[in-house]
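Right, one structure below, let's go through it.
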Amino acid sequence: MSKHRKVMVAGHICLDITPVFNPDHKGNFGEIFAPGKLINVQEAAINTGGVVSNTGLAMAKLGMDVELNGKIGEDEFGSAIKHIIGADKVSSVKTISGQSSSYSIVLALPGVDRIFLHHPGANDTFDSEDIEYDTLTKCSLLHFGYPTLMKKMYADEGLELYKIFKKAKEIGVITSLDLTLPDPKSPSGQADWPKILKRVLPLVDLFLPSIEEIAYMLDRDLFETRKAQTRRQDPVLRYTSDDCSMLAGRLLDWGVKIAVIKMGIKGIYLKTAGHDVLKPLASLSAALDLWANRELWAPSYKTETFGSATGAGDVTIAGFLTAFLKGLDPVQTVKTANLLGWQNVQKVGTVSGVQDWQTTAEMIQDDKKPRNPLVIDTPGWRFCDSDLVYHGPGDPHYK
């Protein structure tokens, strides 16, 4: 397979154990999980989790040649992770004796946002020496995820994370980064993320955080304000186009070439740098004019069948990166990202709903596929009837 289609997905990997609750388990969380209460559940879904598995395996199902680079312990959970991933994809997953594998218990009650009981395990010892750089030389893109859940990645003001991206740029690959929202009371939540990001982002070509993650990192007042406005709703619903534009603009100022903000049910927001800044992205060389100075917001697809949203953000990223590497334009790329998120939530397993590329490409062309309602009434934003995407002020390709 040609080099431009080979990617490495590195960083956090774990085993996800998700009990499937009965549909009648609705209501107050505290009442359902009252002390001493026995709760009957259905079979547990056991899948690999973390960016290495979620994004990596989703890209593989889309036809990409993927190298998975993670770190697990020599234990039963580690054996389960290797079994699920498959023998053909574990060559760059390191098994370390004396360390435990990471795992999560995922509580996904109907109508309640997911709750994770998480053990970081060997992810906490992952450092810049754990990247398989010889393998990376055969790739065109490195996607690294969840440094917020990996102790050495945020220690020393992100030194190890910086080393990884510095080496990747020296090798000459396109770089991509994703986060998770840290527990504010944890060491990760109290790390100086603005300082870490200022150090690392000049080496990051594509940055794909969620709106809550990046608001927490860059503007804690905004994060707390939007959270307080929710009144038990999803905080994502309260973020505005001005919020997105402000945060993405700061990311571009700090060196990111393409900023992608995942907005959950509200879809995908995209803001890109100018033509000259994008030049180093060789895969875009034939379409720089289509990517430069873009600002788009694509509504998400409506689902009638809901399995689980576990890994939805990671699978959304898999859709974006795959479309990006296949040379799709920005509008088709954000649509693909949304479509992969839609595929994910159809099933309980993280990548169970992911279709092959041909099927996905056909779905993208279906303009009648229902979207979730999205209204942007900020001056300058315009909805394009031909591509069904909002274009921001100054976007050069509004039709």
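Kindly check whether there is at least one residue in the stretch 258-279 that is touching a residue at least 24 places away in the same chain (Cβ under 8 Å), surrounded by fewer than 24 Cβ atoms within 10 Å (Cβ to Cβ), in a loop (DSSP other than H, G, I, E, B) and not hydrophobic (A, V, I, L, M, F, W, C). Checked the stretch 258-279: no residue is touching a residue at least 24 places away in the same chain (Cβ under 8 Å), surrounded by fewer than 24 Cβ atoms within 10 Å (Cβ to Cβ), in a loop (DSSP other than H, G, I, E, B) and not hydrophobic (A, V, I, L, M, F, W, C).
Residue under question is residue 264, and the condition is that it be within 18 Å of the chain's Cα centre (by Cα) and at positive phi; does it hold? Write out each step before concluding.
Numbers: within 18 Å of the chain's Cα centre (by Cα): yes; at positive phi: yes.
Answer is yes for this residue.
Can you tell me which condition residue 366 does not meet? The list is (1) surrounded by fewer than 17 Cβ atoms within 10 Å (Cβ to Cβ); (2) closer than 16 Å to residue 264 by Cβ, and all the others hold. Residue 366 satisfies all of (1) surrounded by fewer than 17 Cβ atoms within 10 Å (Cβ to Cβ); (2) closer than 16 Å to residue 264 by Cβ except (2).
In the stretch 324-346, the residues that are of a type in the set (Asp, Glu) reach residues that are assigned to a helix (DSSP H, G or I) and modelled with pLDDT under 95 with C-beta atoms within less than 6 angstrom, at least six apart or across chains, in these pairs: 329/290.
Taking the options 100, 188, name whichever one is of a type outside the set (D, E, K, R) and over 21 Å from the mean Cα position of the chain (by Cα). Give the derivation first.
Details: 188 fails: over 21 Å from the mean Cα position of the chain (by Cα).
Answer to the selection: 100.
Within the stretch 376-385, the set of residues being surrounded by 10 or more Cβ atoms within 10 Å (Cβ to Cβ), assigned to a loop (DSSP other than H, G, I, E, B) and on the phi < 0 side of the Ramachandran plot comprises 376, 378, 381.
Does residue 212 satisfy the condition of being part of a helix (DSSP H, G or I) and either among the polar types (S, T, N, Q) or under 20 Å from residue 118 (Cβ atoms) (or both)? Walk me through how you get there before you give the answer.
Working: part of a helix (DSSP H, G or I): yes; either among the polar types (S, T, N, Q) or under 20 Å from residue 118 (Cβ atoms) (or both): yes.
Taking the combined requirement at face value, the residue satisfies it.
Within the stretch 24-59, the residues that satisfy the criterion of being surrounded by fewer than 23 Cβ atoms within 10 Å (Cβ to Cβ) and either among the polar types (S, T, N, Q) or not in a loop (DSSP other than H, G, I, E, B) (or both) are 28, 29, 30, 31, 32, 40, 42, 44, 45, 46.
Looking across 215, 228, one residue alone is among the aliphatic types (A, V, I, L, M), at pLDDT below 95 and more than 20 Å from residue 125 (Cα to Cα). It is 228.
Do we find that residue 308 is under 27 Å from residue 146 (Cα atoms) and either of a type in the set (S, T, N, Q) or surrounded by fewer than 22 Cβ atoms within 10 Å (Cβ to Cβ) (or both) in this structure? So residue 308 passes the test. Here residue 223 clears all of (1) crowded, with 20+ Cβ neighbours inside 10 Å; (2) touching a residue at least 24 places away in the same chain (Cβ under 8 Å) except the condition numbered (2).
The values are calculated or read from the model by the stated rules, or taken from the named source; none is laboratory data. On a predicted model such as this, the values are computed, not experimentally measured, just so you know. Counting neighbours? That spans all protein chains shown, and the Cβs are built from the backbone with ideal geometry, glycine included.
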